[in-house]
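The values are calculated or read from the model by the stated rules, or taken from the named source; none is laboratory data. These figures come from a predicted structure and were not determined experimentally. Heads up, the Cβs are rebuilt from the backbone with ideal geometry, glycines too, and the neighbour counts pull from every protein chain shown.
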Amino acid sequence: DGGITQSPKYLFRKEGQNVTLSCEQNLNHDAMYWYRQDPGQGLRLIYYSQIVNDFQKGDIAEGYSVSREKKESFPLTVTSAQKNPTAFYLCASSIMPGWGGNQPQHFGDGTRLSIL
Amino acid sequence: GIQVEQSPPDLILQEGANSTLRCNFSDSVNNLQWFHQNPWGQLINLFYIPSGTKQNGRLSATTVATERYSLLYISSSQTTDSGVYFCAVGGKTGGSYIPTFGRGTSLIVHP
């Protein structure tokens, strides 16, 4: 079945450590997105990518980095510069870039990141 | 940026009851979607509805773009409807459309 796979489901980070969250899709979608969700809050956009080798900052990009070397993969690195990384991270994709038209978002099951 | 407000923040229903969830947004948008997040955190797209009315089983949605609001109707609610319902809109920032999510409506349906 086509879908979005995020791994791991749970991740623990020590102070000063970088960690990378994986997001893979086999939907042949051009656009991919990373969101952060804090308890009781909506989703906030971290980064998005409209095509391979291109990505743009969202609302809360500080302390995060991404790459898009392959169409199906969009890993997110939470760096030590992100002082409050504990959150639920969701990856999404859509057929075509942008939120300007009929682009239903498809989500992975998320990764819960906690600080040790 | 665009502001998205959802109401009510919390809703508790008995199974079989009907409900209406509201989403207000502060500017014109080209994209509005409703999502359901189940208790395990999985997000499912319910509707893409920048204007007009759509129905899918017991769920329906209406967006009045000129008045900047959208409504999600749940009829004959079931315990499996429990979770958080999010409204998200796409608004233009620079040359791109960026999504903004509301804080959600948390729904609990009791048997």
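So, in region A:93-105, of the ones that are within 7 Å of chain B (Cβ to nearest Cβ) and surrounded by fewer than 22 Cβ atoms within 10 Å (Cβ to Cβ), which residue ends up modelled with the lowest pLDDT?
If we take residues in region A:93-105 being within 7 Å of chain B (Cβ to nearest Cβ) and surrounded by fewer than 22 Cβ atoms within 10 Å (Cβ to Cβ), then A:GLY100 is modelled with the lowest pLDDT.
Given the conditions (1) under 14 Å from B:CYS23 (Cα atoms); (2) buried (at least 22 other Cβ atoms within 10 Å of the Cβ); (3) at pLDDT 95 or above, which single one is not true for B:GLY83?
Just one mismatch for B:GLY83, condition (1).
Does region A:40-62 contain any residue that is of a type in the set (D, E, K, R), within 12 Å of the chain's Cα centre (by Cα) and surrounded by 19 or more Cβ atoms within 10 Å (Cβ to Cβ)?
no
Determine, yes or no, whether A:GLN17 is away from every other protein chain (no Cβ under 14 Å) and in a loop (DSSP other than H, G, I, E, B).
Considered against the rule, which asks whether it is away from every other protein chain (no Cβ under 14 Å) and in a loop (DSSP other than H, G, I, E, B), A:GLN17 comes out as yes.
In region B:19-38, how many are among the β-branched types (Val, Ile, Thr), surrounded by fewer than 16 Cβ atoms within 10 Å (Cβ to Cβ) and either in a loop (DSSP other than H, G, I, E, B) or at pLDDT below 95 (or both)?
Residues that pass the stated criteria total 0.
Going by the conditions given, is B:GLY41 surrounded by fewer than 13 Cβ atoms within 10 Å (Cβ to Cβ), within 14 Å of chain A (Cβ to nearest Cβ) and either touching an Asp or Glu at 6+ places or on another chain (Cβ under 9 Å) or in a strand (DSSP E or B) (or both)? Show your work before the answer.
Numbers: surrounded by fewer than 13 Cβ atoms within 10 Å (Cβ to Cβ): no; within 14 Å of chain A (Cβ to nearest Cβ): yes; either touching an Asp or Glu at 6+ places or on another chain (Cβ under 9 Å) or in a strand (DSSP E or B) (or both): yes.
In short, no.
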